[in-house]
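Here is the structure we will look at.
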Amino acid sequence: MSRPARFDILFEPLRIGPVTTKNRFYQVPHCNGMGRVHPSPMAAMRGIKAEGGWGVVCTEQCDIHYSGQHPRELRLWDAQDIPALARATDQIHAHGALAGVELAHNGGHVANLESRAVPIAPSLEATRSLIPSTARAMDKNDIRDFRRWHRHAALNARRAGFDIVYIYAGHSMTLPINFLSRSRNKRTDEYGGSLENRARLLRELIEDTVEAVGDTCAVAVRFCVDEMMGDRGITAGAEGYDVIEMLGELPDLWDVNISNMGHDGATARFEQEGWQEKYVKFVKGVTTKPVVGVGRFTSPDTMVSMLRSGTLDLIGAARPSIADPFLPTKIEQGRFDDIRECIGCNICLAFDSMGAPMRCTQNPTTGEEWRRGWHPETIPPKDTDDTILVVGGGPAGLEAARGLGQRGYEVILCEAGRELGGRATRESRLPGLATYGRVRDWRLEQLKRMKNVQLLPGNHVTADLALEAGCSVVGVATGATWRNNGVGRHLNEPVPGLRDVAVFTPDDIMDGRLPEGRVVIYDDEHYYMATVIAELLADAGCEVVFATPEPVVAAFTQFTAEQKRVQRRVMERCAAVHTSAALARVEPGTAFLACTYTGLETAVTADAVVLSTGLNPQDSLYQELTGLGTEALEEAGIRRVVRVGDSLGPGIIAAAVHSGHLFARTLDTGLTDHTPYRRENVTPDWDQPFPPKGAA
C-alpha cells in the first residue's frame, strides 16, 4: 500500500538548529518507570520507537544534580552516568532518528529521599509531596551553581550522543518554570517581581546551553504556556504569550504544553484528541523557530491539520508512541487500519508513578522489549504442532488469538456471547470510556485477515465440547464477574442485610438493569468503574450517594493523574459523597456507613445499593477440564489447559491483554522455577572493604 499524497507533509524533513529531523514525528520526553534503575530496558524501548519511524526520540526527564533528584528517572550528574544514556542514543541513532535529552532539576517538587540534600526553590516553600520537608530559597550562589550544573550536564549530554538538549520549564515542577510562576516565585531581587525578572533564569539557561553545545546540538525549551491556574499563574493569553515573545528566537525549538500531568496528560475520559490546540496555537505567531506540541494524536488527518493550519511544525506524542511505536511507519506505508490507537487511559503513567516499568493497555510489549525480547510488530513463528482452542472473546482471548494467529497456529476462538470484546465492549458504553472499544477494534481488524483463525461468537463451550474440539491446547479466557456481596479490599466478609435491599453490580448496570430512586454506590475497587456508574445513574435521574472506605474518591486514579477531576465530577453529580466510609450493613430502605477510623455509623436512605468492590474469576471450565486428570485429557488429545487474563486473576484491561500476549508467545501463563525475563544486575565487588579504607 502507499499513502495518499495529503500525508506527504508528515514526512518532510525539518531543520532544528544544527540538526535535521527526517520527518515530523517527534516522540516528546515521557516517563516510563525504567530510567536509571533499568537502563537497558529504557534504551531498548527508545530504540524500538526509532525503528518504528519516529524522527526524534527523547528521554524522560534527566536529573542534572543530586539536589533535585527524581527517584526513578534518568540522571546526568556527572560523566559516570554517560554510559547508561549512550545505550539509548546508540539504539536511537541506529535507525536514523535524532536523540533528545530533557535536562531537569526538580527544585522544591521533590524531597531528595536518596541524597538527603535540602531541596532548593526560588522562594521558601513546602516541598510538593506528603513528606514533611521544606525547600530553602536559593541565593545568588545557588543560582550560579545551578547554571553551572546545567551547563555541565549539557556538555555531558553531547558526549553521550544526544542531538537535542532541553531546558525543561514545564509541568509546574522544575526550577525554570517555578522561577517564572508568580505563585511560586516571591523574590524581590532581579530574579523576582516583573516577568522580565522572573524569566531571567530561563533566558540565562538558554544562552548558557547554546554557548556550550549549540554548535552541534539543537537547544530546545519545553515550556508550559498555561498553568491552568487563571490569574494566579501563567496563562496562554497573557504571560505565556509574553514569555514566547520575549525569548522566542533564543532556542532552536519550542516544545509547548500546559500545566501539570492532570491537564497536559488528560485522559480520554476528560479531553478529546488535539484539545491543547486552543492553548498553543498562538506560539507560531510569535517565533520563527519550529514548534512541537502534543494532544494524544492518533488520527493522521488530525496530524496533517495541525501542520497545515500552522499550529505546529512537529507532531509531538508520548502516549500514542507507547501504544504504537510503529505509528509513523504505518502512516508512511498507508497501513492506517494497522495503527494501534492509544485509548487515553494513562495506565502507562500510573505504573511509572508507582515506581514500576510502564505498561500499556493497547501494547503489551512495551517495557518488555529488552527483558523478554518482545517486539511490537513481530513475533516468532510457531515452534510446535499444536492447535489452539481459545475460550472467551474478551481482551485476553482476542490478544491470545491474534498473537497465536500471527505465529501461524491454527486457532479456534469461541465466545459465549453474540458480540466479541468482552469487558472492553461493555465498558466502552459507559460515560467517558468510548475509546476502550479500540482494544477490541484493533484486534478484530487483525484477526479478520487471518485464515488460520476461526472466530465463533455465540458458542458456549462446555468441558465436553472442549474435549471434542480436537485441539491440543486450551486457553480459558472466560473473564470475571463482579461480586454481589460487598467483599473487596476493605471487607473480607459479606455485608449483612443485602437480601433486604435491591442490589446491583457493575455487570447489572452494563447489562442495562438500572436501579431507581435513591441509590448508594459503594466503591471498594477504587478505579474508574464506580465513578462512571455514578455519572450514568445521575444522568438517568437517580439520587446518588457515593461511599468509599478510602479517604478520597477513586484512589487509584491518583496514579493516572485524574483523581481531582474524577472527584470533582462525582461531587457535582452526586447528592452526597462519603469518604472513609465502609458499607457496614443494610436494612430495608437504609444503608449504614461506618467511619473507617472511628466505627461511627451514618444512616443513609437507600432504595438500592450498587456494589463496585471486586471481581471473581470465571474459571469453572478450567477447573472441570483439569479435574478430569491428565489421562482423560491426553486421551482427547489435550496436552495443556491454561487460564488466561481475568479468569486467572482479575485486574485491569492492560493486565488481561498482557496475559493473552504471554499465552500467545509461550502457550502458558503459569509460574516457573526460573525467572522468565532478563534482569539488570549490578555485581558487587565482594573484595572491596565496606566502608572503604580511609572513609570517615
* Asked: Going by the structure shown, is R3 assigned to a loop (DSSP other than H, G, I, E, B), crowded, with 18+ Cβ neighbours inside 10 Å and at pLDDT below 95?
  -> no
* To do: Determine if the stretch 277-287 includes at least one residue that is over 20 Å from L247 (Cβ atoms) and not small (G, A, S).
  => yes
* Asked: Filtering the stretch 337-382 down to residues that are of a type in the set (D, E) and under 27 Å from I9 (Cβ atoms), which residue is surrounded by the fewest Cβ atoms within 10 Å (Cβ to Cβ)?
  -> D337
* Can you pull out the residues in the stretch 370-391 that are in contact with a Cys (Cβ under 8 Å, 6 or more places away or on another chain) and assigned to a loop (DSSP other than H, G, I, E, B)? -> D386
* To do: Using the structure shown, decide if G35 is buried (at least 22 other Cβ atoms within 10 Å of the Cβ), in contact (Cβ under 8 Å) with a residue 60 or more places away in the chain and not basic (K, R).
  => no
* To do: Go through the stretch 90-123 and give me each residue that's over 30 Å from W54 (Cα atoms), in contact with a Gly (Cβ under 9 Å, 6 or more places away or on another chain) and not in a helix (DSSP H, G or I).
  => V110, N112, A117, P119, I120, A121, P122, S123
* Any residue at all in the stretch 52-68 that is assigned to a helix (DSSP H, G or I), in contact with a Ser or Thr (Cβ under 9 Å, 6 or more places away or on another chain), among the hydroxyl-bearing types (S, T, Y) and crowded, with 21+ Cβ neighbours inside 10 Å? -> yes
* Give me a count of the residues in the stretch 638-660 that are assigned to a loop (DSSP other than H, G, I, E, B), closer than 21 Å to G405 by Cα and either open to solvent by 40 Å² or more (accessible area, probe 1.4 Å) or acidic (D, E) (or both). => 1
* Structure fact -> Residue pairs within 9 Å by beta carbon, gap of at least six or interchain, first lying in the stretch 621-634 and under 14 Å from V474 (Cα atoms) and of a type in the set (D, E), second at pLDDT 95 or above and open to solvent by less than 90 Å² (accessible area, probe 1.4 Å), listed first then second, are E624/T462; E624/A463; E624/A466
* Any chance E516 is closer than 27 Å to R359 by Cα, charged (D, E, K, R) and part of a loop (DSSP other than H, G, I, E, B) -> no
* touching an Asp or Glu at 6+ places or on another chain (Cβ under 8 Å), buried (at least 22 other Cβ atoms within 10 Å of the Cβ) and at positive phi, is that true of R269? -> no
* Residue check: is D500 modelled with pLDDT under 95 and either surrounded by 17 or more Cβ atoms within 10 Å (Cβ to Cβ) or over 25 Å from the mean Cα position of the chain (by Cα) (or both)? -> yes
* Just one of G310, G344 is outside any helix (DSSP H, G or I), closer than 20 Å to W275 by Cβ and under 22 Å from the mean Cα position of the chain (by Cα); which is it? -> G344
* Asked: What residue, among those in the stretch 546-580 that are under 17 Å from T613 (Cα atoms) and crowded, with 23+ Cβ neighbours inside 10 Å, is nearest to the chain's Cα centre (by Cα)?
  -> T557
* Structure fact -> Restricting the stretch 131-142 to residues that are under 13 Å from S67 (Cβ atoms) and within 31 Å of the chain's Cα centre (by Cα), the one surrounded by the most Cβ atoms within 10 Å (Cβ to Cβ) turns out to be A135
* Tally of residues being of a type outside the set (A, V, I, L, M, F, W, C), part of a loop (DSSP other than H, G, I, E, B) and more than 15 Å from I167 (Cα to Cα) across the stretch 248-306 -> 19
* To do: Can you confirm whether the stretch 661-669 contains a residue that is of a type in the set (F, W, Y), crowded, with 19+ Cβ neighbours inside 10 Å, under 24 Å from the mean Cα position of the chain (by Cα) and at pLDDT 95 or above?
  => yes
* Elements of type helices (runs of 4 or more DSSP H) contained in the stretch 143-244, each with 1 or more residues being touching a His at 6+ places or on another chain (Cβ under 7 Å), of a type outside the set (V, I, T) and crowded, with 24+ Cβ neighbours inside 10 Å -> 175-180, 200-213
* Structure fact -> Selection from the stretch 308-336 of residues among the aliphatic types (A, V, I, L, M) and either open to solvent by less than 10 Å² (accessible area, probe 1.4 Å) or farther than 28 Å from G262 by Cβ (or both) yields L312, L314, I315, A317, I322, A323, L327, I331
* Quick check: anything in the stretch 13-34 of a type outside the set (K, R) and more than 28 Å from L312 (Cα to Cα)? -> yes
* Structure fact -> Just one listed residue, out of A594, A608, A632, A603, is small (G, A, S) and either over 19 Å from P494 (Cα atoms) or modelled with pLDDT under 95 (or both), and it is A632
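The values are calculated or read from the model by the stated rules, or taken from the named source; none is laboratory data. Since the structure is predicted, the reported quantities are computational estimates derived from the model, not experimental observations. Positions of Cβ are backbone-derived with ideal geometry, glycine not excepted, and every protein chain shown enters the neighbour counts. Heads up: the accessible areas ignore ligands, DNA and RNA and are worked out on the full protein's heavy atoms, side chains in. Shrake-Rupley method; radii C 1.70, N 1.55, O 1.52, S 1.80 Å.
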